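Encoded as structure tokens, the structure appears first; notes follow it.
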Amino acid sequence: MSFPKAVLFDLDGTLLDSAPDMLATVDAMRAARGRGPMEMTRLRPVVSKGARAMTAAAFPDIPADERNAWIPEFLETYERVLGHHGELFEGVDAMLRALEDAGCRWGIVTNKPEYLARALMPMLGWETRCAVLIGGDTLPERKPHPLPLLHAAEVMGVDVADVVYVGDDERDIQAARAAGMRSVVALWGYRLDEDDPIAWQGDTMVDLPSELCAPERWP
């Protein structure tokens, strides 16, 4: 077996453990409202679900309409702490280098706003290594719609049949399936207790990034 021609990754919960940055964000928002810090165990499972889900977890007693009006504040606060606390999941850098050494190109398709994802690239040393970056607001649609994945493959000049998508959320696997791409479920990411990754029907599941250093683990 060999590595795929190209691999696309989700960002938060797949390549990057951004939960510490997110916790700093909601804690700042809570402090501004006279509340104490939040427990990481409550926030971590919903990080891949986006700003609304994290704000809901941080302020479960506030009506949704009021919380949703705080999303710009969330994004502004997060931008100030971006990259200060988060770090790559263990084994991610070695896995990416194994792909590169094999001649495999890789990129990122995330639902994070593009300007925030792009700001992380130089912090991670990826500004020249990442072949394509698609954010949640880059196109008219976002995951689980297949358009971001299809567009990323087009930009890379690779047929969708030769691309594998790796993500830790059900929306990632749904998007890959709709795009006609093979998929890998990243079990090290963020999940709610009730999530059943087996039911997502990805092409394969892996427990650790290091497992993807071996070509035989790719679907």
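With the checklist (1) under 17 Å from the mean Cα position of the chain (by Cα); (2) part of a helix (DSSP H, G or I); (3) farther than 22 Å from residue 89 by Cβ in hand, flag the one item residue 199 doesn't pass.
(1)
Give just the number: which of (1) free of Cβ contacts under 8 Å to residues at least 40 places away in the same chain; (2) crowded, with 20+ Cβ neighbours inside 10 Å; (3) part of a loop (DSSP other than H, G, I, E, B) does residue 61 not satisfy?
Going through the list (1) free of Cβ contacts under 8 Å to residues at least 40 places away in the same chain; (2) crowded, with 20+ Cβ neighbours inside 10 Å; (3) part of a loop (DSSP other than H, G, I, E, B), residue 61 breaks only (2).
I need the full set of residues from the range 159-174 which are surrounded by 21 or more Cβ atoms within 10 Å (Cβ to Cβ) and either among the small types (Gly, Ala, Ser) or touching a residue at least 60 places away in the same chain (Cβ under 8 Å) (or both), in order please.
Once the filter is applied, which keeps residues that are surrounded by 21 or more Cβ atoms within 10 Å (Cβ to Cβ) and either among the small types (Gly, Ala, Ser) or touching a residue at least 60 places away in the same chain (Cβ under 8 Å) (or both), the range 159-174 yields 163, 164, 165, 166, 167, 168, 169, 172.
May I ask you to say which residue of 192, 149 is assigned to a helix (DSSP H, G or I) and in contact with a helix residue (DSSP H, G or I) (Cβ under 9 Å, 6 or more places away or on another chain)?
So the residue among 192, 149 that is assigned to a helix (DSSP H, G or I) and in contact with a helix residue (DSSP H, G or I) (Cβ under 9 Å, 6 or more places away or on another chain) is 149.
Could you list all residues from the range 35-52 that are in a helix (DSSP H, G or I), surrounded by 16 or more Cβ atoms within 10 Å (Cβ to Cβ) and either in contact with an Asp or Glu (Cβ under 6 Å, 6 or more places away or on another chain) or of a type outside the set (Lys, Arg) (or both)?
Selection gives 43, 45, 46, 47, 48, 51.
Given the structure, is residue 116 hydrophobic (A, V, I, L, M, F, W, C), more than 19 Å from residue 3 (Cα to Cα) and not in a helix (DSSP H, G or I)?
no
Look at residue 123 and say whether it is under 30 Å from residue 72 (Cα atoms) and in contact (Cβ under 8 Å) with a residue 40 or more places away in the chain.
Yes.
Go through (1) under 16 Å from the mean Cα position of the chain (by Cα); (2) in a loop (DSSP other than H, G, I, E, B) and name the single condition residue 139 misses.
(1)
Check the range 3-17 and report whether any residue there is part of a helix (DSSP H, G or I) and over 12 Å from the mean Cα position of the chain (by Cα).
Within the range 3-17, none of the residues are part of a helix (DSSP H, G or I) and over 12 Å from the mean Cα position of the chain (by Cα).
Which residue pairs have Cβ atoms under 9 Å apart, sit 6 or more places apart or on different chains, and have a first residue in the range 186-203 that is free of Cβ contacts under 8 Å to residues at least 60 places away in the same chain and a second that is among the β-branched types (Val, Ile, Thr) and assigned to a helix (DSSP H, G or I)?
If the second residue must be among the β-branched types (Val, Ile, Thr) and assigned to a helix (DSSP H, G or I), the pairs left are 197/173; 200/173; 201/173; 202/173; 203/173.
Sort through 55, 25 and tell me the only one that's touching a residue at least 40 places away in the same chain (Cβ under 8 Å), in a helix (DSSP H, G or I) and not assigned by TED's automatic domain parsing to the domain that holds residue 188.
That would be 25, the only listed residue that is touching a residue at least 40 places away in the same chain (Cβ under 8 Å), in a helix (DSSP H, G or I) and not assigned by TED's automatic domain parsing to the domain that holds residue 188.
The values are calculated or read from the model by the stated rules, or taken from the named source; none is laboratory data. Treat the numbers as computed from the prediction; the structure is a model and nothing was measured. We place every Cβ from the backbone using ideal geometry, glycine too, and count neighbours over all the protein chains shown.
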